[in-house]
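Q: I have a structure I would like to understand better, so I am pasting it below and will then ask my questions one at a time.
The values are calculated or read from the model by the stated rules, or taken from the named source; none is laboratory data. No experiment lies behind these values; they were computed from the predicted model shown. Quick reminder, even Gly has a Cβ in these numbers, built from the backbone with ideal geometry, and neighbours come from all protein chains shown.
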Amino acid sequence: MRPTSDRVKEAIFNLVWDVSESRVLDAYAGTGALGLEALSRGAAEVRLVERDRQTAMLARRNVEKVGLEGAEVVVSTIEAYLRREASIESRYDLVLIDPPYGEAARAMKMLAKLLPPVLSDSATVVVETDRSVEPKLPLELATSRTYGATRVSVFRSVG
């Protein structure tokens, strides 16, 4: 697990700006830090998706510690979760994607196919990767910035 640094987390939310009343998906949630930050900034609800059960338990404890309503931890691969959400026509306004750096290329290919059907018309997608990786999604790239060893790319729905 590689937690997002406070500097990068602050940068992400400065780029996204207003998350009030948003439905948020924190893919590859880990401890849930990014999703919980969105919730603390006024998001209506956050789904924290983590495939590892023990890490998901840590995210659940963090949700309890924060004490804010609206967070749900889901133990699943992001691929299975997105397929399920698309089948029920669920939509998200903000998606936070922080895959393990070694899996970023494979993750982007899968997300390029499965992510668009679950995005609202005005969705923002934030991807955190190693600085050497330039993520590609079938969305409009709004900005891409580097912070030390980390690249943060912000995409917008074109729907």
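Q: For the stretch 39-49, indicate whether the set of residues that are assigned to a helix (DSSP H, G or I) and either out of contact with any Phe, Trp or Tyr (no Cβ under 6 Å at 6 or more places or on another chain) or aromatic (Phe, Trp, Tyr) (or both) is non-empty.
A: Yes, that holds for at least one residue.
Q: In contact with a strand residue (DSSP E or B) (Cβ under 8 Å, 6 or more places away or on another chain), among the aliphatic types (A, V, I, L, M), touching a residue at least 60 places away in the same chain (Cβ under 8 Å) and more than 21 Å from residue 18 (Cα to Cα): is that true of residue 107 in this structure?
A: yes
Q: Also, I was wondering about something else. If you go through the stretch 22-64, how many residues are modelled with pLDDT under 95, among the charged types (D, E, K, R) and farther than 19 Å from residue 128 by Cα?
A: So the answer is 1.
Q: Look through the stretch 110-128, keep the residues that are touching a residue at least 24 places away in the same chain (Cβ under 8 Å) and charged (D, E, K, R), and return whichever of them is surrounded by the fewest Cβ atoms within 10 Å (Cβ to Cβ).
A: Restricting to residues being touching a residue at least 24 places away in the same chain (Cβ under 8 Å) and charged (D, E, K, R), the top hit is 121.
Q: A further question follows. Would you mention how many residues in the stretch 80-100 are assigned to a helix (DSSP H, G or I), of a type outside the set (A, V, I, L, M) and surrounded by fewer than 16 Cβ atoms within 10 Å (Cβ to Cβ)?
A: 3
Q: Looking only at strands (runs of 3 or more DSSP E) that fall completely inside the stretch 108-159, which ones have 2 or more residues that are in contact with a Phe, Trp or Tyr (Cβ under 9 Å, 6 or more places away or on another chain) and more than 22 Å from residue 11 (Cα to Cα)?
A: Of the strands (runs of 3 or more DSSP E) lying wholly inside the stretch 108-159, those with at least 2 residues that are in contact with a Phe, Trp or Tyr (Cβ under 9 Å, 6 or more places away or on another chain) and more than 22 Å from residue 11 (Cα to Cα) span 119-130.
Q: What's the number of the only condition in (1) touching a residue at least 60 places away in the same chain (Cβ under 8 Å); (2) not hydroxyl-bearing (Ser, Thr, Tyr); (3) not in a helix (DSSP H, G or I) that residue 12 fails to meet?
A: Among (1) touching a residue at least 60 places away in the same chain (Cβ under 8 Å); (2) not hydroxyl-bearing (Ser, Thr, Tyr); (3) not in a helix (DSSP H, G or I), residue 12 violates only (3).
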